[in-house]
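Accompanying notes for the structure given below.
None of the figures in this text is laboratory data; all of them are computed from the coordinates on show. What you see is a predicted model; the values in this text were computed from it and never measured. Methodologically, a virtual Cβ is constructed for each residue, glycine included, from the backbone with ideal geometry; neighbour enumeration extends over all protein chains shown.
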C-alpha cells in the first residue's frame, strides 16, 4: 500500500473545495446546521411541556448528532466515489498503480475530516443555543462515535458496489438507503416503540445498540459494555462482508469489461 497514492487521492478531492463549490460546502455545514436547529427547537418544546422526567434536549439532540455521524460518513464516501464517476475519471485513476485499498483508505480519511468539521459545528451550536454538551458522555463518546462511523462506511461500501455493477442508474441509493434504515434504528425512540415483528430486524443493526446505550448513559446508567460489544461485532462483520462484496463486484465488472458502463 502506497501512502503517496492515498495522499494524491485525498488532495484531488480537497482541491475541489478550493474552487468555492457551494454544493460541497452546503453538504458539510448547511444541512447539518438546519437539522440541528429544527430538532433543537423541537426538543426544547417537548422539554417545556414536561411529558415526562426525561430531558428531551439531551435525548433528541444527542440522537441528531449521532445520526449525522452515520449519515454523513455514508454519504461522504459514496459521493467521493460518485464524483469520479460523474467526472468520467474512474477509469483514469485505475489506469495508475492505485489499488482499491488505497482508493478507499483515502475516502475513509476524507470522511473522518468531514465528520470532524461537521461535528465541531454541531457541538458549538448545541452548546450555545441549547446548553447541551455531548461531552458529558465522557470517554463513552469514543466507542459510540467509532461504531457509528464504521456502520456508515459499511453502508457506503455496499452502495458503491451496487453502483459499480449497475452504473449511475443506481446512484439514487447513495442518498436514499440510509433514510430507509433510520426508522428501524431506534434513533429518536427506544426499540420497544417499534412493532414487535420489526424489533428482531432492528436488533441486527449496529447503530440500534449505540442509540439505546446512548439514551441509557444520558439517564445516568453506567456504560453498557454488552451493547458496545454487540455493535462492534456486527460492525466488523458488516464491514468485512461489504468490503468483500465490493471487491467481488469490482473484479466481476473488470472481467466483463463493464467499467465503462459505470460512467454512463
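Observations on the model:
- Order by protection proxy (mean Cβ within 10 Å, highest first), peptides 187-197, 171-181: 171-181, 187-197
- Per-residue Cβ neighbour rank within 10 angstrom, fewest leading, 70, 168: 168, 70
- Cα gyration tensor shape of segment 187-242, rounded if a/c is under 1.5, else prolate or oblate by comparing a/b with b/c: oblate
- The stretch between residue 4 and residue 117 holds 38.3 nm of extra length on full extension. This uses 0.36 nm per residue minus the Cα-Cα distance.
- 87, 216 arranged by Cβ crowding within 10 Å, fewest neighbours leading: 87, 216
- Using the Cβ-Cβ distance between residue 86 and residue 14 with R0 set to 22 Å, the FRET efficiency from 1/(1 + (r/R0)^6) comes to roughly 0.80.
- Net length gained if the chain between residue 255 and residue 139 were fully extended (0.36 nm per residue, minus Cα distance): 37.1 nm
- Protection-proxy order for peptides 240-246, 88-94, 207-213, each taking the mean of Cβ atoms within 10 Å per residue, highest first: 207-213, 240-246, 88-94
- Neighbour-count order for 12, 215, fewest beta carbons within 10 angstrom listed first: 12, 215
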